[in-house]
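Here the structure is laid out as structure tokens; the discussion comes afterwards.
Where a number appears in this text, it was derived from the coordinates with a stated rule and is not lab data. Everything numeric in this text was worked out from a predicted model, so none of it was measured. We place every Cβ from the backbone using ideal geometry, glycine too, and count neighbours over all the protein chains shown.
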Amino acid sequence: ASTCSGCGPGYKTPLDAMKGPREEIVYLPCIYRNTDIQKPDYLATVDVNPQSPNFCKVIHRLPMPNRKDELHHSGWNACSSCYDDPSKRRNRLILPSLMSSRIYVVDVGTDPRTPRLHKIVEPIDLFWKCGLANPHTSHCLGSGQIMISTHYSIVLRLFDNKIRHSFTHVFLAIGLITDILISLDDRFLYFSNWLHGDIRQYDITDRRNPRMVGQVFLGGSILKDGPVKVLEDKELDSQPTPRILKGKRVQGGPQMLQLSLDGRRLYVTTSLYSAWDKQFYPDLVKEGSVMMQIDVDTDKGGLKLNENFLVDFGAEPDGPALAHELRYPGGDCTSDIWL
């Protein structure tokens, strides 16, 4: 999507993006590796328009041609840094496969509600031409090229050289922060604790003194009836209770996050990586992951689970699936850059 006729993809500035249209559909890779279901992973299209008769339903599934890929993250072929280039279009979703090392290119431009497979980069090309394997994260660049990471670290630093402030994403037991994002107006930072089971919202307007203003528990490993016994907790007076949403118990913990452009809705899924899901949350693999939506107070801060929203990937036609990252057509808070 573009905000002017003849322009390239996306928006001129992040603040312009915040005025963009409300999200109506979401794309999520759904994984069957390490489950009992011998089917390919697939790309799910979910209707998130409250006015739609298909609200909270999977309206399309695009299966990959191979099994055991482990689709993981996704990214776009072009982003808002190409806004001034009318020759660029954001019409392809890039899906690297963590285990098979394939890279799928999906056409979401012809019909956004019915994605189709456009191209496959086979593992042999990645191995022999690049000397790389296990592609993880895809990201569009300001040049119109695509960057895919294949090397990993436990620390990610976000640094602005002009204002000399940084935010560090570190994996530490027991919380296990597994995703982090910042609102488009740079006011709020969010992260998920996959093991601890909560999502936190921080006011970062004072860059040197982030202040927690919102928190919500959505499962996790320290529940009252869970297998983990808490000996000491300096934050909580008691262990959280299980989260039951529309009659469904939430298995796993909050993992991937995606914020609406206006910052008022935070979407979350509960699967991290199928092998770790199986190790830490075996019932998640048996029952499938879920997608939830949290209402965000953008004035004072605050998080509240929307009790009327649930996408249950345990009810999929071929059996429970593990849904992971979330993308909106036209760009979102975690896939766009402005250079």
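Computed quantities for the displayed model
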{"quantity": "Cα-based equivalent ellipsoid of the chain: semi-axis lengths in Å, sorted from largest, via gyration tensor", "calculated": "29, 25, 20"}
{"quantity": "S238 versus R116: modelled label distance in nm, points set 7 Å from Cα along the beta carbon direction", "calculated": "5.6 nm"}
{"quantity": "Rh (Kirkwood; distinct C-alpha pairs) - segment 177-219, Å", "calculated": "10.6 Å"}
{"quantity": "Candidates F55, F127, F280: whichever shows maximal mean-square fluctuation once the chain is modelled as a Gaussian network with Cα springs under 10 Å", "calculated": "F127"}
{"quantity": "Difference of contour (0.36 nm per residue) and Cα-Cα distance, N54 to C130", "calculated": "23.1 nm"}
{"quantity": "Quotient of C-alpha Rg and 2.2 N^0.38 Å, computed over segment 251-339", "calculated": "1.19"}
{"quantity": "Among 252-264, 136-148, 86-98, 35-47, the order from most to least packed when residues are scored by Cβ within 10 Å on average", "calculated": "252-264, 86-98, 35-47, 136-148"}
{"quantity": "Whole-Å distance, taken between Cα centres, linking segment 36-93 and segment 175-209", "calculated": "25 Å"}
{"quantity": "Calculated from backbone phi, Karplus (6.51, -1.76, 1.60) coupling profile of segment 270-285 in Hz, x at Gly/Pro", "calculated": "10, 9, 9, 7, 4, 5, 6, 4, 5, 6, 8, 9, x, 5, 5, 5"}
{"quantity": "Highest-fluctuation residue, W128, W76, W276 considered, GNM on the chain with Cα pairs under 10 Å", "calculated": "W128"}
{"quantity": "Gyration tensor (alpha-carbon) shape descriptor, segment 1-109, a/c threshold 1.5", "calculated": "oblate"}
{"quantity": "Links that overshoot a 31 Å alpha carbon limit, given the list K12/K248; K68/K224; K68/K129; K57/K278; K19/K304", "calculated": "K12/K248; K68/K224"}
